[in-house]
1. Only one of (1) open to solvent by 50 Å² or more (accessible area, probe 1.4 Å); (2) closer than 24 Å to residue 284 by Cα fails for residue 316. Which number is that?
2. Can you name the residue in region 29-73 that is of a type in the set (S, T, N, Q) and within 17 Å of residue 372 (Cα to Cα) and is also modelled with the lowest pLDDT among such residues?
3. Would you confirm, using the coordinates I've provided, whether residue 115 is in contact (Cβ under 8 Å) with a residue 24 or more places away in the chain and open to solvent by less than 80 Å² (accessible area, probe 1.4 Å)?
4. For region 340-360, check the following and say yes or no: at least one residue is in contact with a Ser or Thr (Cβ under 7 Å, 6 or more places away or on another chain), at pLDDT 95 or above, open to solvent by 10 Å² or more (accessible area, probe 1.4 Å) and outside any helix (DSSP H, G or I).
5. In region 52-65, which residue that is assigned to a loop (DSSP other than H, G, I, E, B) and touching a Lys or Arg at 6+ places or on another chain (Cβ under 9 Å) is nearest to the ligand (Cβ to nearest atom)?
6. How about region 169-178: which of its residues are open to solvent by 10 Å² or more (accessible area, probe 1.4 Å) and away from the ligand (no atom under 13 Å from the Cβ)?
7. May I ask you to verify whether residue 306 is without any contact (Cβ under 8 Å) to a residue 12 or more places away in the chain, part of a loop (DSSP other than H, G, I, E, B) and either away from the ligand (no atom under 15 Å from the Cβ) or not aliphatic (A, V, I, L, M) (or both)?
8. Give 290, 297 a once-over and let me know the one that is under 29 Å from the mean Cα position of the chain (by Cα), assigned by TED's automatic domain parsing to the domain that holds residue 109, in contact (Cβ under 8 Å) with a residue 12 or more places away in the chain and surrounded by fewer than 20 Cβ atoms within 10 Å (Cβ to Cβ).
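The values are calculated or read from the model by the stated rules, or taken from the named source; none is laboratory data. Since the model is a prediction, treat every value here as computed from it, not as a measurement. Quick reminder, even Gly has a Cβ in these numbers, built from the backbone with ideal geometry, and neighbours come from all protein chains shown. Surface accessibility is based on the protein's heavy atoms, side chains included, excluding ligands, DNA and RNA. Shrake-Rupley method; radii C 1.70, N 1.55, O 1.52, S 1.80 Å.
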Amino acid sequence: MSFRVAPAASVPPASTFQQRAIVIGAGLAGASVAARLAARGWQVELLESLSSPAQGASGNPTGIVLPRPAKDDAQGARFSRAGYLYALRLLAALPGVRWSPCGVMQIARDAAHEALQRSTAEALRLPPDVLQFMERPVAEAHIGQRLAHGGWWFAGGGWVSPASLCAALIAQGNAQHRTHIHLRCNTTVSRIEHDGEHWTAFGAQGEVLAQAPHIVLANAHAANALLPAPLPLTPVRGQISTLPPQMLTGVRHVLCRTGYLTPPESGTPCIGASFGHDDAGLDLRVADHAGNLQRLAELLPDLRHDLDPSRLDGRVGLRTTTIDRLPMAGALPDVHAPLTERPRDPSLARLPRLPGAWGLLGLGARGMVWAPLAAELIASQMHGDPLPVERDLVDAVDPGRFHLRWLRRNS
Ligand SMILES: Cc1cc2nc3c(=O)[nH]c(=O)nc-3n(C[C@H](O)[C@H](O)[C@H](O)COP(=O)(O)OP(=O)(O)OC[C@H]3O[C@@H](n4cnc5c(N)ncnc54)[C@H](O)[C@@H]3O)c2cc1C
């Protein structure tokens, strides 16, 4: 593996000749980046290990779309709100996506959480179609179910089929008699190399799979196998359980508390999900189904059923998480840049970068919300367009932030 160093400030906007990129991974991250590059006229080689897009973490039948409000409205909350609103607009406009803005009720976990939710909504004073706090009787009347507490009501949120979103994004990149996204499945990238001008992606036998001036790693935790030094990405196992739609008659909205429940209108209602740290096993487990049924009981205390966890079906995926719970979106750092090239007072603007190498990684448990906006951010950076969010949010999701912290601690 060989890499040459380029400071971020020296990366110019791509010329027409340079508007070609390899994107590795065809889940939500890769499909989103490919679509935003294609919208700008770029040619994209989208390489995917598995037999079709969205079979990794993005392969669940449904996922939920809601923001992550916080009373201090710090960067994570602001990026999440921007991502949520961007995702809703995308979903409303993109043909072929299976989704519903049926509304999401996030029921408080306990009385203290309920008080925090109430005061957060009061402090933020967001438009009611973005965020409202509903006291328990109001929430119960709205949902039509007995609930343990009141909660946040996200009127525009809902559920989405991530596989249909990936397919629609790729189709959009190839619509109207143009083919900007060349999807190649059953194609595993084993190694990447930069020769000073181009990136080359190699297969397991050393064969050249693709070559382009730019490369985007959108392959979740597997990105670390391709990088000269690992990024702080951790896989966290998660299992959902699918439920018979008829047992949820009357459930019309997404409900969440310690877990989440998608309504029968989604076709495959799900309850989830387990969290297995330090566990990358992809096997379905009865204990995780039992945990999901417990989450269901906490959401809907009056629901009666005779489901046996050992007979439930479901799906397991790995969330790729970061330590600050924000995604990584932007130019990849060159952590092996020689010390002489490192500035005395390191900053993201002057951090050495791998030339033409980008990452959309660490989407955690919020891929539906993070991926569309983060992809637009990366495509804007690659194309030299104005950025879609404020500079402090760009910095908050910069993949170089962890290396910068390390440099500051050790300089
Ligand atoms: C149980 C569970 C429930 C979830 N619920 C929600 C939810 O309700 N709402 C929400 O917003 N998010 C949810 N998420 C999170 C969301 O699913 C993820 O954030 C998102 O799918 C991640 O997308 P990705 O493209 O980064 O990863 P992936 O979908 O895993 O895509 C990475 C792709 O890269 C491919 N790949 C890897 N290595 C290579 C290689 N070397 N060469 C070629 N291809 C490669 C893989 O095959 C894979 O297809 C959930 C996740 C789980 C596990």
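1. Failing condition for residue 316: (1).
2. Start the filter on region 29-73 by keeping residues that are of a type in the set (S, T, N, Q), which leaves 32, 43, 49, 51-52, 55, 58, 60, 62.
Those left that are additionally within 17 Å of residue 372 (Cα to Cα): 32, 58, 62.
Values: 32: 98, 58: 98, 62: 95.
Applying the filter and picking the extreme gives 62.
3. It is false that residue 115 is in contact (Cβ under 8 Å) with a residue 24 or more places away in the chain and open to solvent by less than 80 Å² (accessible area, probe 1.4 Å).
4. No, because not a single residue in region 340-360 is in contact with a Ser or Thr (Cβ under 7 Å, 6 or more places away or on another chain), at pLDDT 95 or above, open to solvent by 10 Å² or more (accessible area, probe 1.4 Å) and outside any helix (DSSP H, G or I).
5. Filtering region 52-65 for residues that are assigned to a loop (DSSP other than H, G, I, E, B) and touching a Lys or Arg at 6+ places or on another chain (Cβ under 9 Å), the one nearest to the ligand (Cβ to nearest atom) comes out as 60.
6. 171, 172, 174, 175, 176, 177, 178
7. Values: without any contact (Cβ under 8 Å) to a residue 12 or more places away in the chain: yes; part of a loop (DSSP other than H, G, I, E, B): yes; either away from the ligand (no atom under 15 Å from the Cβ) or not aliphatic (A, V, I, L, M) (or both): yes.
Judged against the criteria, residue 306 is a match.
8. Values: 297 fails: in contact (Cβ under 8 Å) with a residue 12 or more places away in the chain.
Residue meeting the stated conditions: 290.
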